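Heads up, the thing below is written out as structure tokens.
The values are calculated or read from the model by the stated rules, or taken from the named source; none is laboratory data. For clarity, every value in this text was computed on a predicted model and none was experimentally measured. Backbone-built Cβ (ideal geometry, glycine too); neighbour counts: all protein chains shown. Remember, those area values only see protein heavy atoms, side chains included, never the ligands or the DNA or RNA. Shrake-Rupley method; radii C 1.70, N 1.55, O 1.52, S 1.80 Å.
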Amino acid sequence: MSKAISAVKKIYYECGITDPLDLPIEIIIGSKNILIKEEEIDGADGRILMKEDSGIITINSAVDFYPKKRFILAHELGHFELHRHLKIGYSDNDETLNHSYQNYFNPEEVEANEFAAEFLMPTELVSKECYKRVFNHKVIEHLATRFQVSKTAAILKFVMKDNGNHPVFVVCCQDNKMKWFKPSYDWRYFSLFKKDLPPPSGSVAFEVFKKGISYYGKEASQQIWKSDWFEVKDDEPDSKFYEYCLFVPSLNYMISVIWED
Ligand SMILES: [Zn+2]
């Protein structure tokens, strides 16, 4: 078990909870002697200052989406639990909160995100919610509502957990460039991902950036072809895949989930 996941289990045990909604995260943070403040911060969504037995979390008052606020709080709590002996503080922005999943140069941010994801969406409960459900955008919407998290956070948790019931491949793009990808542990195709290039032309991600089209509701899962994102050998027939794109206009940020029926 990773350090981040053991740290989450320890807090659940200490607080006597089994579900993230049993106790508001603000109360759990308060019980650690950490004060939560909201104020305008330049260039960060949240930050934490820590001592051995106390801390101060500041959330940028411009963050008004409650699920995002919860994610930042959980991320900062992760720094407190895992890193207070390493540094006195962390400042978090789009880069550390949304892109630090594959960044091996920033292991503390990867850990804080893993902590936050597990804290808000414990793997066991997520697996229960997904049990025998075929992957599609409704699973993500369901997880986001059930755990009061953003859909982006739900997608990342879905792909990170290593007991998924449906193989998926996640690609993150920003400003029309591919940034990073993450296959679920059981994904078996070789992707055409190339860092900092635009997404491939047949993909939904490409359409969204190129034409400014976003899909909602029924249209949210689009049919594509395997060859749009993955290597297809010469003697192999192309096959139907699906892509679900979640676009965050304020950051020009996009998460694509790709899967096969
Ligand atoms: Zn951080």
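Points to keep in mind about this one:
- Those residues of region 32-56 which are touching a Gly at 6+ places or on another chain (Cβ under 8 Å), more than 11 Å from residue 92 (Cα to Cα) and not basic (Lys, Arg), in sequence order: 33, 34, 35, 36, 49, 50
- Residues considered: 169, 230. Of these, the only one that is farther than 28 Å from residue 63 by Cβ, open to solvent by less than 70 Å² (accessible area, probe 1.4 Å) and under 15 Å from the mean Cα position of the chain (by Cα) is 169.
For (1) more than 21 Å from residue 146 (Cβ to Cβ); (2) within 13 Å of the ligand (Cβ to nearest atom); (3) not hydroxyl-bearing (Ser, Thr, Tyr), each residue gets a yes or a no:
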{"site": "7", "(1), (2), (3)": "yes, no, yes"}
{"site": "27", "(1), (2), (3)": "no, no, yes"}
{"site": "40", "(1), (2), (3)": "yes, no, yes"}
{"site": "45", "(1), (2), (3)": "yes, yes, yes"}
{"site": "48", "(1), (2), (3)": "yes, yes, yes"}
{"site": "68", "(1), (2), (3)": "no, no, yes"}
{"site": "100", "(1), (2), (3)": "yes, yes, no"}
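- Single condition residue 63 does not satisfy, out of (1) more than 17 Å from residue 120 (Cβ to Cβ); (2) surrounded by 12 or more Cβ atoms within 10 Å (Cβ to Cβ): (1)
- Residue 221 meets the stated requirement of being farther than 22 Å from residue 97 by Cβ and in contact (Cβ under 8 Å) with a residue 60 or more places away in the chain.
- Some residue of region 250-261 being loosely packed, with under 12 Cβ neighbours inside 10 Å, more than 25 Å from residue 95 (Cα to Cα) and modelled with pLDDT under 90: yes
- In region 38-56 there is at least one residue that is open to solvent by less than 70 Å² (accessible area, probe 1.4 Å), more than 30 Å from residue 142 (Cβ to Cβ), among the polar types (S, T, N, Q) and part of a loop (DSSP other than H, G, I, E, B).
- If the condition is being within 23 Å of residue 41 (Cα to Cα) and modelled with pLDDT under 90, then region 65-109 contributes 94, 95, 96, 97, 98, 99, 100, 106.
- Residue match in region 106-114 (condition: more than 11 Å from the ligand (Cβ to nearest atom), in contact (Cβ under 8 Å) with a residue 60 or more places away in the chain, crowded, with 24+ Cβ neighbours inside 10 Å and in a helix (DSSP H, G or I)): yes
- Residue-level check: of (1) small (Gly, Ala, Ser); (2) out of contact with any Asp or Glu (no Cβ under 7 Å at 6 or more places or on another chain); (3) more than 10 Å from the ligand (Cβ to nearest atom); (4) over 20 Å from residue 8 (Cβ atoms), residue 61 misses just (2).
Per-residue answers, yes or no, for (1) open to solvent by less than 10 Å² (accessible area, probe 1.4 Å); (2) within 15 Å of the ligand (Cβ to nearest atom); (3) without any contact (Cβ under 8 Å) to a residue 12 or more places away in the chain:
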{"position": "36", "(1), (2), (3)": "no, no, no"}
{"position": "75", "(1), (2), (3)": "yes, yes, no"}
{"position": "84", "(1), (2), (3)": "no, yes, no"}
{"position": "122", "(1), (2), (3)": "no, no, no"}
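- Every condition in (1) surrounded by 18 or more Cβ atoms within 10 Å (Cβ to Cβ); (2) assigned to a loop (DSSP other than H, G, I, E, B) holds for residue 71 except the one numbered (2).
- Selection of region 124-153 for residues being open to solvent by 10 Å² or more (accessible area, probe 1.4 Å) and touching a strand residue (DSSP E or B) at 6+ places or on another chain (Cβ under 7 Å) yields 136, 137, 151, 152.
- Remark: pairs (first residue in region 204-218, acidic (Asp, Glu); second residue at pLDDT below 70 and surrounded by fewer than 15 Cβ atoms within 10 Å (Cβ to Cβ); Cβ separation under 7 Å; 6+ apart in sequence or on different chains) = 207/213.
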